[in-house]
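The values are calculated or read from the model by the stated rules, or taken from the named source; none is laboratory data. Values in this document were obtained by computation on a predicted structure and should not be read as measured data. Don't worry about glycine lacking a Cβ; one is built from the backbone with ideal geometry, like all the others, and counts go over all protein chains shown. Please note that ligands, DNA and RNA were not included when accessible areas were found on the heavy atoms of the full protein model with its side chains. Shrake-Rupley method; radii C 1.70, N 1.55, O 1.52, S 1.80 Å.
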Amino acid sequence: LERFSMRGVSYVNQLYGPDQELKILQRRDARFVNTAMMVTLLGAAVSDGLEDGRVVSGVGGQHNFVTQAFALPDARSILTVKSTRRSGGRVQSNIRWNYGHTTVPRHERDIVISEYGIADLRGKKDADVIAAMLSIADSRFQPELLRVAKDAGKIAKAYEIPAAYRNNTPDRIEKALAPFDLPPFPAGTDFTPVEQRLLPALEKLQHATPGQIVALALKGLFRAPSTDAAAALSRMGLDKPNSVKDRFYRALVGGALE
């Protein structure tokens, strides 16, 4: 325990103030890694809220760390982002042309990483930033993103995304990882086997359309659950439903598990 030196958030998140010279020495060549929900083609990041005013989370220390990356010699800010998300049964890009709310402004853009690669944005002009961000976007959305950027006059009309970046698809990632036979949680997890059985079913329900919800409920209603599905239903407290609502949820989760 003596090897751990825990400090308050007010100390860790801030560079300026007491012990500033010591902090600068301790944070030499620092790499500040954070996660964003969305990133624009011009490098602004969205991490704490939506453009309609809904708050998803607090900003926390993210902006503090980004500003430190620019204040410290040889430090870098690294933002990771999942290239797509599923909403209302549809796949949407998390790399956007623009967005009505930002957490990290475009003038503090640095390094952005998606599952498709690394975009080093610091010190680059807008056209080069856009090209770098397009290279790590999902290929299903690249043509439209490029079209909007061209229409805005922010990248040359003749620019084309290099062939090496036009195959940014989930299938390519899956094929690349297949030889390694990675478990669902390569670094380990506190989820029990029953909970791990539940996770993909609940994710399926989260993104299901109304029609899919009905189909899953009917499947669960007319099919007896397998042994492992019964254990998962018990974990959800749905093994002995007492109301019509609980019976519906049992059928719905049971259908997703099957």
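With the highest mean first, a sort of the peptides 31-44, 92-105 on other beta-carbon atoms found within 10 angstrom per residue produces 31-44, 92-105. Could you pull out every one of the aspartates and glutamates with an alpha carbon less than 12 Å from that of Lys219, ignoring same-chain neighbours closer than 8 positions? Output for Lys219: Glu258. What's the local net charge at Ala215, with K and R +1, D and E -1, over the other residues with C-beta under 15 Å away? It works out to a net charge of +2. Spin-label model, Lys150/Tyr16: points 7 Å from Cα along the beta carbon direction are separated by 4.5 nm. Computed from Cα atoms, the angle from the helix 244-257 axis to the main principal axis of the chain rounds to 70 degrees.
Here the Karplus curve 6.51 cos²θ - 1.76 cosθ + 1.60, taken at θ = phi - 60°, turns the phi angles of the range 185-192 into couplings of 10, x, 8, x, 7, 8, 5, 6 Hz, with x standing for Gly and Pro.
For percent of Cα pairs over 28 Å apart, the value calculated from this model appears in (1) 25; (2) 53; (3) 56 under label (2).
When only the Cβ of Lys, Arg, Asp and Glu is charged (+1, +1, -1, -1), the dipole of the range 18-167 relative to its Cα centre reaches about 380 debye. Remark: the Cα gyration tensor places the range 75-170 in the rounded category, a/c being less than 1.5.
Rolling a 1.4 angstrom probe over the protein heavy atoms, how many square angstrom per residue are accessible across the chain?
With all protein chains present, the chain gives 61 Å² per residue.
Each residue of the range 87-98 was assigned a 3J(HN,Hα) from its phi angle through the Karplus curve 6.51 cos²θ - 1.76 cosθ + 1.60 (θ = phi - 60°); the sequence is 9, x, x, 10, 7, 10, 7, 8, 9, 10, 5, 8 Hz, with glycine and proline shown as x. Separation of the alpha carbons by more than 28 angstrom is noted, of Lys23/Lys125; Lys82/Lys150; Lys82/Lys240; Lys154/Lys204; Lys204/Lys240, for Lys23/Lys125; Lys82/Lys240; Lys154/Lys204. Helix 193-206 and the long axis of the chain differ in direction by around 80°, with both axes built from C-alpha atoms. How far is helix 142-151 tilted off the main Cα axis of the chain, in degrees rounded to 10, range 0 to 90? Helix 142-151 sits roughly 40 degrees off the main axis of the chain. Around the amide H of Trp97, modelled in the peptide plane, lie the amide H atoms of Leu41, all under 5 Å away and 5 or more residues distant in sequence or on another chain. When the helices of the chain are scored as -39500 (n - 2.57) per DSSP H run of n ≥ 4 and the total is divided over every residue, the value at 222 nm lands at -11000 deg cm²/dmol. On full extension, the segment bounded by Asp29 and Arg140 gains 36.3 nm, given 0.36 nm per residue less the C-alpha separation. Decide, for the range 174-241, between rounded, prolate and oblate: order the square roots of the alpha carbon gyration tensor eigenvalues as a ≥ b ≥ c, take rounded if a/c falls under 1.5, and otherwise choose prolate if a/b is larger than b/c, else oblate. Here the range 174-241 falls in the oblate category. Comparing mean-square fluctuations of Leu202, Leu121, Leu22 from a GNM of the chain with C-alpha springs under 10 Å, the top value falls on Leu22.
The residues Ser243, Ser5, Ser114, sorted by heavy-atom accessible surface at 1.4 Å with ligands and nucleic acids left out, run Ser5, Ser243, Ser114 from largest to smallest. Simple point charges give the picture: +1 on the Cβ of Lys and Arg, -1 on the Cβ of Asp and Glu, and for the range 150-241 a dipole about the Cα centre of about 360 debye.
Computed over the Cα atoms of the range 1-82, the ratio of the radius of gyration to the Kirkwood radius (Rg/Rh) comes to 1.03. Projected label points at Leu199 and Ala215, each 7 Å from Cα along the beta carbon direction, are separated by 2.5 nanometres. Counting only protein heavy atoms and using a 1.4 Å probe, the accessible area of Arg54 comes to about 140 Å². Of all DSSP bridge pairs formed entirely within the range 67-225, close to 75 percent run antiparallel. Between Tyr159 and Arg247, the contour length at 0.36 nm per residue exceeds the alpha carbon distance by 26.1 nm. The range 214-258 and the range 61-133 have Cα centres lying 41 Å from one another.
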